[in-house]
Amino acid sequence: GKWIKYASQASYPDFVIRKLHANIIKDKYDFDVKIKDISNDQKLYTKPIIGHVRSKSDMYELFEIDLVHNELGENTLTTINSKVEKFYLESYQPSSQLSIVNSIINEKSLTIIKDYNSLNAKIAVDFVKTDLEYASSGSSTDEIIESILGDINSFNITSSIRGTMQEPEISLKSDIDEKLKKGLRAQANKEVKKYKAK
């Protein structure tokens, strides 16, 4: 027989990976990575890159990232969704006197990057369970602070990031300030009762 050659009528990118599936194991981490439709010319291929990473570890119950990199429109858009469930943080010391210990943390975030520069992100971090330890110097003020912080066993932080990759503007909100106010009010009531008793 003979080979019959037909000219390709459909244009196609020089480089295409339709499906990539990898399992990466390092130390105590296990990552399952799935990426599809990687190409050097998305407009010619007509499909964005879509990726999904899922991981388990001794440090957390679940870690997931969903990514879409889309160059099909007028602007290039990269969308990243992330989620962490039951991340265990043994100890973190934000100051010389304060330690955050035995924390279980959940996290969710959505990040959109436009044209590799413009940034818009929302991040929610929830300390589901935690202990705030304060190293008291023994003064009455320190003892009050230690008591207030000792009653807080959960809090959350939400943040938004806007601007550019080079100059991001970050804003933070937390319910910990409200919990500190309530604790201070309760502690003040205790002190008033003590003075009244005296």
Legend entry - Loop trypsin sites (Lys or Arg not before Pro), the stretch 22-52 (other Cβ atoms within 10 Å of the site Cβ: 12 or fewer; DSSP): 28
Inset, instruction - Take every Cα-Cα pair in the stretch 1-159 and report what % of them are more than 26 Å apart. - result: 52
Legend entry - Proximal aspartates and glutamates relative to residue 86, as straight alpha-carbon distance under 13 Å, when same-chain residues fewer than 8 apart are discounted: 58, 61, 64, 107, 126
Inset, instruction - Would you list the P(r) distribution for the stretch 34-113, with all Cα-Cα distances sorted into 10 Å bins from 0 and each bin expressed as a whole %? - result: 17, 32, 24, 16, 9, 2
Legend entry - Phi to ³J(HN,Hα) by Karplus 6.51 cos²θ - 1.76 cosθ + 1.60 over the stretch 95-101, Hz, x for Gly, Pro: 8, 5, 9, 10, 10, 10, 10
Legend entry - Dipole axis of the stretch 1-155 (+1 Lys, Arg; -1 Asp, Glu on Cβ), positive-most option in 63, 135, 152: 63
Inset, instruction - Please report, as a whole percent, how much of the solvent-accessible surface of the stretch 1-120 comes from carbon and sulfur atoms (probe radius 1.4 Å). - result: 55
Legend entry - Spherically averaged projected area in nm², based on the convex hull that wraps the Cα atoms of the stretch 7-54: 4.0
Inset, instruction - Report in % the part of the accessible area of the stretch 146-198 that belongs to carbon and sulfur, leaving out ligands and nucleic acids; probe 1.4 Å. - result: 54
Legend entry - Theoretical ellipticity at 222 nm over the chain - DSSP helices of four or more residues, -39500 (n - 2.57) apiece, nearest 500: -6000 deg cm²/dmol
Inset, instruction - When a/c is below 1.5 the answer is rounded, else prolate if a/b is larger than b/c, else oblate, so apply that to the stretch 117-197 with a ≥ b ≥ c taken from the square roots of the Cα gyration tensor eigenvalues. - result: prolate
Legend entry - the chain: relative contact order in percent, alpha carbon pairs under 8 Å with at least 6 residues between: 11
Inset, instruction - May I ask you to give the solvent-accessible area per residue for the chain, in square angstrom, as obtained with a 1.4 angstrom probe? - result: 72
Inset, instruction - Return the sequence-ordered ³J(HN,Hα) values of the stretch 24-33 in whole Hz as given by the Karplus equation 6.51 cos²θ - 1.76 cosθ + 1.60 applied to θ = phi - 60°, using x for Gly and Pro. - result: 10, 10, 9, 6, 9, 9, 10, 10, 10, 10
Inset, instruction - Name the long-range amide H neighbours of residue 163: under 5 Å, sequence gap of 5 or more, or other chain; modelled H, no Pro or chain starts. - result: 119, 169
Inset, instruction - Please turn the phi angles of the stretch 73-82 into ³J(HN,Hα) values with the Karplus equation 6.51 cos²θ - 1.76 cosθ + 1.60 (θ = phi - 60°), one per residue in order, whole Hz, x for glycine and proline. - result: x, 5, 10, 7, 10, 10, 10, 10, 9, 10
Legend entry - Restraint check, 47/114; 83/129; 83/181; 19/122; 108/181; 108/179, Cα-Cα greater than 24 Å: 83/181; 19/122; 108/181
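The values are calculated or read from the model by the stated rules, or taken from the named source; none is laboratory data. Remember, it's a predicted structure, so these values are computed and weren't measured experimentally. Every residue, glycine as well, gets a Cβ built from its backbone with ideal geometry; the counts of neighbours run over all protein chains shown. Please note that ligands, DNA and RNA were not included when accessible areas were found on the heavy atoms of the full protein model with its side chains. Shrake-Rupley method; radii C 1.70, N 1.55, O 1.52, S 1.80 Å.
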